[in-house]
Amino acid sequence: MSAARYGAEPSRTARGVILGIVGLVFVVPIIAMVQFSLRIGQTDSHGVQKLGFQHYLDIVQPANEADYDQLFQGLGNSLVICALTVAMVLLLLLPTMILVELRFPSLRRVLEFVCIVPITIPSIVLVVGFVPVYSVVAQLFGSSPWTLAFAIGIIVLPYAYRPIATNLASVDVVILSEAGRSLGAGWGSVLTRVIVPNLRRGILSSVFITIAVVLGEFTIASFLSQNTFQTALILLQQTDPYVAVIFAVVALVFAFILLVVIGRIGSVGRSRRTP
Amino acid sequence: MMTAATTSAPATTMRGAGAPSRRRSLVWLGLTPFAAYVVLFLGVPAVVAVASGFLDASGKPTLRNLAALADPTIQQAFLASFGVSAVTAVLGAVIGALVCFALLGTRPDGMLRTAVDSAASVLAQFGGVMLAFAFIATIGAQGLLSVWLVSTFHLDINADGPFLYSVPGLVIPYTYFQVPLMVLTFMPAMEGLKPTWGEATATLGGTRLSYWTRIAMPILAPAFFGSVVLLFANAFSSYATAAALIDQGGIVPLSIKQQLTSETVVGVSNVAGVLALGMVVVMVALMSLYSLLQRRAARWQR
C-alpha cells in the first residue's frame with residue numbers, strides 16, 4: 001500500500017511523529033499552568049511541590065469576595081463589550097458587506113482593504129491615536145467601559161470580515177436575491193430568509209472569533225484605563241498569581257471549546273447538505 | 001475611486017428598478033453608517049497617531065521629533081524588535097509548515113482538524129496575557145520545566161537572571177503563538193495542492209522527492225514566504241505578551257508604552273507618535289510585500 005503512495009500526503013508514521021512531537025511541546029505550558037494553579041506553596045522533604053485545590057476553593061470563599069471583585073467586574077465589562085461588538089459586526093459590518101456584494105461590486109476591493117487595514121496598524125499604534133479620540137468620546141458618552149466596544153470593533157474587523165467574505169464568495173447572492181425577488185419576496189425576506197441563512201457558517205464563525213478576540217483584548221483596555229478581563233488578570237497576577245492562572249486556563253479552555261463547537265456545528269450543517 | 005463606482009454600477013442596479021436615481025441615493029445611504037464608523041474610529045486615530053509625531057509640545061508642526069529615531073535606545077528597540085520578529089517568524093513558519101504537511105489528507109471537517117484549527121485560533125488570536133502566564137509557570141524561576149531541567153540535567157536556564165523576562169526570552173512565547181498562526185494561514189495553500197499533480201508526476205515516472213522539489217515546493221514558495229512576512233508583522237506588532245513579561249522597554253511596542261506612560265526620556269516631544277510612525281512604515285512595507293506574494297500564491301489556489 002505504502003509503495004503506491006504519490007503526491008503530497010504524508011505517511012501515517014510521519015503524520016503521527018510530527019503531530020505527536022509538536023502537540024506534546026504545545027501542551028507542556030498548559031500543563032504547567034494547571035500544575036502551577038494546584039501548588040499550595042509547600043514542598044515535601046524531597047523538595048517536590050505539594051498539590052491541592054486550595055486556590056480553587058479560595059475563589060468561591062465568601063470571605064475573599066473583595067479580592068476577586070475587580071476580576072469579576074472586568075469579566076462582566078468584557079462580556080458587555082463582547083455583546084456590543086458582536087452587535088456591531090451583525091448590524092454594521094454584515095449589512096454593509098451584503099450591500100456591497102449586491103449593489104456595489106466595484107467597491108468590494110475598497111471594503112476588503114478597509115477591513116484588513118487594522119492588521120497593518122498595530123493596536124499599540126492605534127492606542128496613540130485613541131487616547132485623544134476617547135477624550136471626545138468620554139464627553140459624549142461618559143467614560144464607561146462599554147465605550148471600548150467602538151475601538152475593539154475596529155480591531156475585530158479583519159477577523160470578522162474574513163469568514164463572511166469567504167462565505168459570500170462561495171454563494172452567488174446576486175442570483176439568489178434575484179431569484180427571491182422574482183418569486184415575489186420583498187428585500188426584507190430576501191435578506192432574512194435567503195441571504196443570511198446561506199451565510200450562516202461565515203456569520204457564526206465570525207461571531208465566535210469576535211468573542212474570542214474581545215475577551216483576549218488587552219492593549220487598548222490597558223491604555224484607556226478600563227477594567228476588562230485581561231487588565232484585571234494582570235493586576236490580580238501581582239497579588240494572587242494562582243487565581244490569575246486558574247482564570248487564564250479556564251479562559252483558554254473556554255475559547256477552545258467555543259471554537260470546537262462552532263467547527264462541529266459548521267461541518268454537521270455541511271455534510272447534511274452533501275450526503 | 002468613488003466616481004468609478006458610480007459609473008460602473010448602474011448595469012447591476014438599473015435592472016427592474018422603477019425610479020433609479022432615488023433608489024440609488026437611498027442605497028448609497030446604506031453605506032454611510034459603516035463608513036462613518038470606520039472614519040471616526042480607524043481613520044482619525046491612525047492619522048492622529050502618526051501626525052502627532054510631527055507636532056512639538058505646543059502643537060506646532062515640526063520635523064525635530066524625528067531626531068528621536070537617532071536615539072541609541074530607540075534604535076536598539078527597533079533592532080531588538082526586528083530580531084525577535086525574524087527569529088520567531090522563521091521558527092514559526094518552518095514548524096507550522098511541518099504541521100500543515102502532517103495534516104494533509106486528513107478530513108477537513110474531521111475531529112482532528114477541528115481540534116487543531118480551534119487550538120490554533122485560540123493560541124494565535126486569544127493568547128496574549130494568558131500565554132505570558134503559561135510561560136511563567138513553565139520556564140519562570142519556579143516553572144515546571146525549569147525546575148525539572150535543574151533536578152534532572154542540572155541545567156539552569158535562569159542562571160544568568162530570569163531568561164523569560166528578557167528580550168531574547170520573548171522568542172519562546174512568541175514562537176508559541178507564531179506556529180498556530182502559520183497553521184491557520186498556510187493550510188489553505190497546502191490544501192491547494194491538487195491530487196492530480198501528484199498523479200501526473202507519478203505517471204511521468206517522478207518520485208515523491210521530485211514531486212516535492214519540482215512541483216510542490218515551487219508552487220508553495222510564494223505562499224510560504226508570504227506567511228513568513230505575515231508572521232514577522234504579527235510578532236513586530238504584538239504587545240500584550242511582552243507587556244505582561246517585561247516592565248521596561250526593549251522592543252518598540254514597549255518603548256511606545258514607556259513614552260505614553262512616563263515623561264520623555266529622549267529629549268524631544270511626542271516620541272510615541274514618532275515610534276508609531278516608524279511602526280506603521282515597517283508594517284506598510286511588510287503588508288505590501290505580503291499582498292504581492294499572496295497574489296502570486298493565489299494563482300494556484302483556484
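Here the Gaussian network model covers chain A, with springs between Cα atoms less than 10 Å apart; of A:L259, A:L183, A:L71, A:L183 fluctuates the most. Only Lys, Arg, Asp and Glu carry charge here, each on its Cβ (+1 for the first two, -1 for the last two); on that basis chain B has a dipole of about 1560 debye about its Cα centre. Along the charge dipole of the stretch B:72-298, Cβ charges K/R +1 and D/E -1, which of B:M190, B:F177, B:V129 sits furthest on the positive end? Checked the options; the winner is B:M190.
You can think of it this way: the chain between A:V253 and A:T13 has 83.5 nm of extra reach, that is 0.36 nm per residue less the Cα-Cα gap.
Inter-label distance, B:Q75 to A:L92: 4.3 nm, where each label sits 7 Å from its Cα along the C-beta direction.
Rg and Dmax of the protein assembly as shown, both derived from C-alpha coordinates alone, stand at 25.5, 88 Å.
Database remark: amide H of B:D56 closer than 5 angstrom to the amide H of B:T62 (H placed geometrically; neighbours at sequence offset of 5 or more, or on other chains; Pro and chain starts carry no H).
For q values of 0.15 Å⁻¹, compute log₁₀ I(q)/I(0) with the Debye formula on a Cα-only model of the stretch A:174-241, without solvent. Log10 I(q)/I(0), no solvent term: -0.64. GNM on chain A, alpha-carbon springs under 10 angstrom: the most fluctuating residue among A:G142, A:G263, A:G184 is A:G184. Each of B:D56 and B:A200 was given a label point 7 Å from its Cα along the Cα-to-Cβ line. The distance between the two points is 6.6 nm. Residues of the stretch A:75-92 falling in the label zone of A:V196, defined by backbone nitrogen less than 12 Å from a point 7 Å along Cα to beta-carbon, are A:90-92. Counting only DSSP H runs of at least 4 residues, each contributing -39500 (n - 2.57), and dividing by the residue count of the protein assembly as shown, the helix-based mean residue ellipticity at 222 nm comes to -22000 deg cm²/dmol. Counts of other chain beta carbons within 10 angstrom of each beta carbon in peptide A:111-120 average 5. Panel values: the stretch A:106-204, Kirkwood radius from alpha carbon pairs, Stokes-Einstein at 25 °C and 0.890 mPa s, translational diffusion coefficient 152 µm²/s. Helix by helix, which DSSP H runs in chain B go 30 Å or more along their axis at the Cα atoms and have an average Kyte-Doolittle hydropathy of -0.5 or more? Passing helices, by number: B:72-103, B:271-298. With each label modelled as a point 7 angstrom along the Cα→C-beta vector, the A:F53-B:Q248 pair spans 4.4 nm. On the basis of the beta-carbon distance and an R0 of 41 Å, B:L63 and A:W187 show a calculated FRET efficiency of 0.20. One equal scatterer on each Cα of chain B, no solvent, Debye formula: the resulting log10 I(q)/I(0) at q = 0.13, 0.16 Å⁻¹ is -1.09, -1.26. Ranking B:S262, A:P197, A:Y161 by how far each Cα lies toward the positive end of the dipole of the protein assembly as shown (charges on Cβ) leaves A:P197 at the top. Accessible area of B:W197 (1.4 Å probe, protein heavy atoms only, ligands and nucleic acids ignored): about 60 Å². When +1 charges are put on Lys and Arg Cβ atoms and -1 charges on Asp and Glu Cβ atoms, the dipole computed for the stretch A:1-110 relative to its Cα centre reaches about 820 debye.
With a 10 Å cut-off around each Cβ of B:206-218, the average count of Cβ atoms from other chains is 1.
Both radii are taken from the alpha-carbon atoms of chain A; with Rh as the Kirkwood radius, Rg/Rh is 1.06. Under a GNM of chain A (C-alpha, springs under 10 Å), which listed residue has the highest mean-square fluctuation: A:L258, A:L236, A:L99? Among A:L258, A:L236, A:L99, the largest GNM mean-square fluctuation belongs to A:L99.
The chymotrypsin sites (Phe, Trp or Tyr not before Pro) of the stretch A:31-79 meeting both criteria, a DSSP state outside H, G, I, E and B (loop) and at most 11 other C-beta atoms within 10 angstrom of the site's C-beta, are A:F53. Pair-distance distribution of the stretch A:2-52: all C-alpha pairs, bin width 10 Å, starting at 0; shares per bin in whole percent are 20, 27, 20, 16, 10, 7. Each peptide among A:73-81, B:143-151, B:168-176 gets the average number of other Cβ atoms lying within 10 Å of its residues, and from highest to lowest they stand as B:168-176, A:73-81, B:143-151.
The values are calculated or read from the model by the stated rules, or taken from the named source; none is laboratory data. As the structure is a computational prediction, the values presented were derived from the model and not from experiment. Neighbour counts are summed over all protein chains in view; Cβ atoms, including those assigned to glycine, are modelled from backbone coordinates with ideal geometry. The area values use the complete protein model at the heavy-atom level, side chains included, leaving out ligands, DNA and RNA. Shrake-Rupley method; radii C 1.70, N 1.55, O 1.52, S 1.80 Å.
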